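Colleague: To start, I am sharing the structure in question, which I have written as structure tokens.
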Amino acid sequence: MKHQQVVVDYWTMLKTSGMCILLAISGFVFLKMVQTIFWLPNHLKRNQERLEAMAKQYGKDMNEDEKAEIEKIFNSEGPLTEEKLNQLLDSTKEEPKKQQ
């Protein structure tokens, strides 16, 4: 049996390893996207329910005048500007209510 000469092709090795790394990264991204498809709707639903419960809780602490003013600002024509928000915040800067 003759001795055989081995020629190492570094460029091909580098290309192949780079392609394997890209394949692994793209597989990871694909799996994360599939996970998000199934996870995100349930997460958003729970978050919406939590925010609605929080709004109900804060709504109980407001009197009718404050509620009417907030509804007037949010239902007004045109976009909600920073001036309107500042007006709303300035009108609600009363003393904090004492909890019993």
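Colleague: List pairs: first in segment 43-72 and touching a residue at least 60 places away in the same chain (Cβ under 8 Å), second of a type in the set (Val, Ile, Thr), Cβ under 6 Å, 6+ apart or cross-chain?
Modeller: Here the result reads none, with nothing in segment 43-72 linked to a residue that is of a type in the set (Val, Ile, Thr).
Colleague: Can you tell me which of (1) open to solvent by 70 Å² or more (accessible area, probe 1.4 Å); (2) assigned to a helix (DSSP H, G or I) is the one Gly27 doesn't meet?
Modeller: Failed condition: (1).
Colleague: Give Asn47, Asn75, Asn63 a once-over and let me know the one that is within 30 Å of Leu85 (Cβ to Cβ) and open to solvent by 80 Å² or more (accessible area, probe 1.4 Å).
Modeller: Going through Asn47, Asn75, Asn63 in turn, just one is within 30 Å of Leu85 (Cβ to Cβ) and open to solvent by 80 Å² or more (accessible area, probe 1.4 Å): Asn75.
Colleague: Does Lys56 qualify as being under 28 Å from the mean Cα position of the chain (by Cα), among the basic types (Lys, Arg) and surrounded by fewer than 10 Cβ atoms within 10 Å (Cβ to Cβ)? Steps first, answer last, please.
Modeller: Numbers: under 28 Å from the mean Cα position of the chain (by Cα): yes; among the basic types (Lys, Arg): yes; surrounded by fewer than 10 Cβ atoms within 10 Å (Cβ to Cβ): yes.
Answer is yes for this residue.
Colleague: While we're on this one: Just give me the residues in segment 7-20 being loosely packed, with under 10 Cβ neighbours inside 10 Å and part of a helix (DSSP H, G or I), in sequence order.
Modeller: Tyr10, Trp11, Thr12 - these are the residues of segment 7-20 that are loosely packed, with under 10 Cβ neighbours inside 10 Å and part of a helix (DSSP H, G or I).
The values are calculated or read from the model by the stated rules, or taken from the named source; none is laboratory data. Computed from a prediction, not measured in an experiment: that's the story for all the values here. Because the Cβ atoms are built from the backbone with ideal geometry, glycine has one as well, and the counts that use them run over all protein chains shown. The protein model used for the area step is the full one, side chains on, heavy atoms only, and it has no ligands, DNA or RNA in it. Shrake-Rupley method; radii C 1.70, N 1.55, O 1.52, S 1.80 Å.
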